[in-house]
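Here the structure comes first, spelled out in structure tokens, and everything after it is commentary.
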Amino acid sequence: MMRVGLLFYGVMGIVGLGLVAWRRGELHLFDPAALPGADWAWWAGVALALVLVVHVMTRVGLRYSAALRRAADDVRERFGELGPSRLWALAALSGTVEELVFRGWLLNEVGLVVSSVIFGIVHVPPARHWFAWPIFAAAVGFAFGGLCLGSGTLVFAILAHAGINGANLALLARADRGIP
């Protein structure tokens, strides 16, 4: 499954880079290639706060939702034992590539609301007990888009996305050992 994920994100990353490069010279909501500005510490703090809030929500969800615990079982089944380096590599790759496509390109094409809804739709779950996943993904996609529009760069959305993916994958990977 890890190889399939790497291949998927590799292809998606190439497509995303191409789309951003193709549209970069035209008018857009923000420049996805822009570096952080003088207010970088503020936006880094906002990104970190987003990671912490989502991670706490996941912990609470694991404690009180049987459906989320079943979803955690599905994650472990699909990915197997991920060591820390593979786990964080997958989190960094998925966060970077998804932000490149959904915020770097799509946000500039269709705006915040539509790009967030599409982000939620592509996160339609593989199983019915993941029912809340697309709604959650759309809401977090909205927050990532807000980071991009507020900071004027893709950097903080990538950091927040990778941080959320890494922290939650690590949590889900240990959830079967009674660590919710």
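If I ask for residues that are free of Cβ contacts under 8 Å to residues at least 40 places away in the same chain and either within 18 Å of the chain's Cα centre (by Cα) or closer than 11 Å to residue 169 by Cα (or both), which ones from region 69-84 would you list?
83
Restricted to region 7-32, and to residues that are touching a residue at least 24 places away in the same chain (Cβ under 8 Å) and not in a helix (DSSP H, G or I), which residue is nearest to residue 155 (Cα to Cα)?
32
What number of residues within region 31-51 satisfy the criterion of being crowded, with 17+ Cβ neighbours inside 10 Å and modelled with pLDDT under 95?
Number satisfying all stated conditions: 1.
Here is a list of conditions, (1) out of contact with any Asp or Glu (no Cβ under 9 Å at 6 or more places or on another chain); (2) closer than 20 Å to residue 5 by Cβ; (3) at pLDDT below 85, and residue 67 meets all of them except one; can you say which number that is?
(2)
Of the conditions (1) touching a Gly at 6+ places or on another chain (Cβ under 7 Å); (2) on the phi > 0 side of the Ramachandran plot; (3) not basic (Lys, Arg), residue 111 satisfies every one except a single condition; which number is it?
With respect to (1) touching a Gly at 6+ places or on another chain (Cβ under 7 Å); (2) on the phi > 0 side of the Ramachandran plot; (3) not basic (Lys, Arg), residue 111 is out only on (1).
Which of the following residues is surrounded by 16 or more Cβ atoms within 10 Å (Cβ to Cβ) and either of a type in the set (D, E, K, R) or in contact with a Pro (Cβ under 8 Å, 6 or more places away or on another chain) (or both): 103, 63, 78?
It is 103.
For residues in region 119-155 being β-branched (Val, Ile, Thr) and buried (at least 17 other Cβ atoms within 10 Å of the Cβ), which is farthest from residue 50 (Cα to Cα)?
Top of the filtered list is 153.
The values are calculated or read from the model by the stated rules, or taken from the named source; none is laboratory data. Note that the structure is a prediction, hence the values are computed from the model and not measured. FYI the Cβ positions are ideal-geometry reconstructions off the backbone, even for glycines, and counts take in every protein chain you see.
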